[in-house]
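The values are calculated or read from the model by the stated rules, or taken from the named source; none is laboratory data. Keep in mind the model is a prediction, meaning the values are calculated, not measured. Positions of Cβ are backbone-derived with ideal geometry, glycine not excepted, and every protein chain shown enters the neighbour counts. Accessible surface is based on the protein model in full, side chains and every heavy atom, while ligands, DNA and RNA are left aside. Shrake-Rupley method; radii C 1.70, N 1.55, O 1.52, S 1.80 Å.
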Amino acid sequence: MSNKRVLSGIQPTHDSFHLGNYLGALKQWVELQENNDAFYCVVDLHALTVETDPKLLQQRTLVSAAQLIAIGINPDKSTLFVQSQVPAHNQLAWVFECITGFGEASRMTQFKDKSKKGGAERTNVGLFTYPILQAADILLYQPDFVPVGEDQRQHVELTRDIAERFNKKFDKVFNIPQAQIIKSLAKINDLQDPTAKMSKSAASMSGVIELLDSADTTMKKFKSSVTDDGKEVRFDEKEKPGISNLLTIHSALSGKSITEVENDFSGKGYGDFKTAVAEVVISALEPIAKRTNELMSDRSELTKILKSGAIKANQVASETLKAAYSAIGLIS
Ligand code: ATP
Ligand code: LTN
């Protein structure tokens, strides 16, 4: 794939991204910007569906953008912006809400899961309309591809349905995008529970490697990672989920194949292996944390980057919005 328009987004709901986000999704964003016209968005409006202290939301939005730059999203190659700085997202979302069925939105599994977990008290209307705002995020930019994890497949399907319906009923305003389900990259599991995926919402952070963890913390987390009773460093997801997860992490960051890493550690103990994986991770994450901290300590550079991203995003988005408004009969 080359020279296509791609768009993706990530929520600023935590203080740091984790190794799963990085190796499973964000590293691919960096690769995609090389040959494509990429738009990447920190979706702070979506994060409002989870109640957060205003100062914390502001901090997390900035630190999320800073981490994206630190991992290699280059603002000269990609358009990096914050969703709330482009008003067309809300404007188009309303139009889409009026052409989406209540039943259709009720079938979204993420809504069903999250509203079940939170209970009626904590379920806000925003959580219900969340996928419709996501459809607006996507369709405003007329992308060819939307690189996302498997969990977002249904939302991209809804986005396509909304676009097709609009085009058919009114005018052909929207390009129909395809989900590009990120599969080729690693799926990273929790270091304490290597059969569960590494996740921001894990009960304990001791098995979650955050990009902004200190070297000390990272080393400790790897040293206390759960493995098995055996001795052999060998990839076997069934019998050795912990060792297999560590092999995946090492290979993803060192660029060596799993077999090469297995060979490097044949005859060596788990202790040496864990230390070596930690060292590979630390040397990959240290520059990321350093660059993030630099950007966070000089907010003016960061806000300048985001402002210019928002200007570029606004240009594209407002054009699409204008066409959609006009097609549906709103006067200009
Ligand atoms: P939660 O578990 O709280 O829903 P999360 O930690 O899975 O959150 P998301 O914000 O849902 O994080 O994910 C952002 C991106 O990172 C998605 O594209 C998702 O597929 C990817 N991702 C998240 N966790 C992992 C993981 N452990 N391995 C690989 N990719 C992951
Ligand atoms: N719902 C997505 C985040 C998201 C997104 C988007 C992804 C919001 N808007 C547009 C791709 C395109 C998530 O939770 N990962």
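Examine region 3-12 for a residue that is in contact (Cβ under 8 Å) with a residue 40 or more places away in the chain, open to solvent by 10 Å² or more (accessible area, probe 1.4 Å) and assigned to a helix (DSSP H, G or I), and state whether such a residue exists.
Scanning region 3-12, I find no residue that is in contact (Cβ under 8 Å) with a residue 40 or more places away in the chain, open to solvent by 10 Å² or more (accessible area, probe 1.4 Å) and assigned to a helix (DSSP H, G or I), so the answer is no.
Yes/no matrix, rows are residues, columns are (1) charged (D, E, K, R); (2) within 14 Å of ligand 1 (Cβ to nearest atom); (3) farther than 30 Å from residue 6 by Cα; (4) open to solvent by less than 30 Å² (accessible area, probe 1.4 Å):
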position: 178; (1), (2), (3), (4): no, no, no, no
position: 181; (1), (2), (3), (4): no, yes, no, no
position: 191; (1), (2), (3), (4): no, yes, yes, yes
position: 195; (1), (2), (3), (4): no, yes, yes, no
position: 201; (1), (2), (3), (4): no, yes, no, no
position: 204; (1), (2), (3), (4): no, yes, yes, no
position: 212; (1), (2), (3), (4): no, no, no, no
position: 219; (1), (2), (3), (4): no, no, yes, no
position: 223; (1), (2), (3), (4): yes, no, yes, no
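Yes/no per residue for (1) touching a Phe, Trp or Tyr at 6+ places or on another chain (Cβ under 6 Å); (2) more than 16 Å from residue 80 (Cα to Cα); (3) in a helix (DSSP H, G or I):
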| site | (1), (2), (3) |
| --- | --- |
| 272 | no, yes, yes |
| 281 | no, yes, yes |
| 284 | no, yes, yes |
| 287 | no, yes, yes |
| 292 | no, no, yes |
| 303 | no, no, yes |
| 310 | yes, no, yes |
| 313 | yes, no, yes |
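In this structure, does residue 253 turn out to be more than 24 Å from residue 60 (Cα to Cα), of a type in the set (A, V, I, L, M, F, W, C) and assigned to a helix (DSSP H, G or I)? Show your work before the answer.
On the way: more than 24 Å from residue 60 (Cα to Cα): yes; of a type in the set (A, V, I, L, M, F, W, C): yes; assigned to a helix (DSSP H, G or I): yes.
Criteria met by residue 253.
Does region 82-104 include one or more residues that are open to solvent by less than 10 Å² (accessible area, probe 1.4 Å), small (Gly, Ala, Ser) and in contact with a Phe, Trp or Tyr (Cβ under 7 Å, 6 or more places away or on another chain)?
no
When the residues of region 38-62 are filtered to those that are over 20 Å from residue 135 (Cα atoms) and of a type in the set (A, V, I, L, M, F, W, C), which remaining residue is surrounded by the fewest Cβ atoms within 10 Å (Cβ to Cβ)?
First pass over region 38-62, keeping only residues over 20 Å from residue 135 (Cα atoms): 51-62.
Among the residues that remain, those that are also of a type in the set (A, V, I, L, M, F, W, C) are: 56-57, 62.
Numbers: 56: 12, 57: 17, 62: 21.
My answer is 56.
Which residues, counting only those in region 147-165, are crowded, with 16+ Cβ neighbours inside 10 Å, in a helix (DSSP H, G or I) and within 18 Å of the chain's Cα centre (by Cα)?
Across region 147-165, the qualifying residues are 152, 154, 155, 156, 159.
Among the numbered criteria (1) under 24 Å from residue 38 (Cα atoms); (2) in a loop (DSSP other than H, G, I, E, B); (3) among the hydrophobic types (A, V, I, L, M, F, W, C); (4) at pLDDT below 95, which one does residue 202 miss?
(1) is the only condition that residue 202 fails.
Report whether or not residue 35 is crowded, with 21+ Cβ neighbours inside 10 Å and of a type in the set (S, T, N, Q). Show your work before the answer.
Values: crowded, with 21+ Cβ neighbours inside 10 Å: no; of a type in the set (S, T, N, Q): yes.
In short, no.
If I filter region 122-168 down to residues being touching a strand residue (DSSP E or B) at 6+ places or on another chain (Cβ under 7 Å) and among the β-branched types (Val, Ile, Thr), which single residue comes out as farthest from ligand 2 (Cβ to nearest atom)?
Among residues in region 122-168 that are touching a strand residue (DSSP E or B) at 6+ places or on another chain (Cβ under 7 Å) and among the β-branched types (Val, Ile, Thr), the one farthest from ligand 2 (Cβ to nearest atom) is 156.
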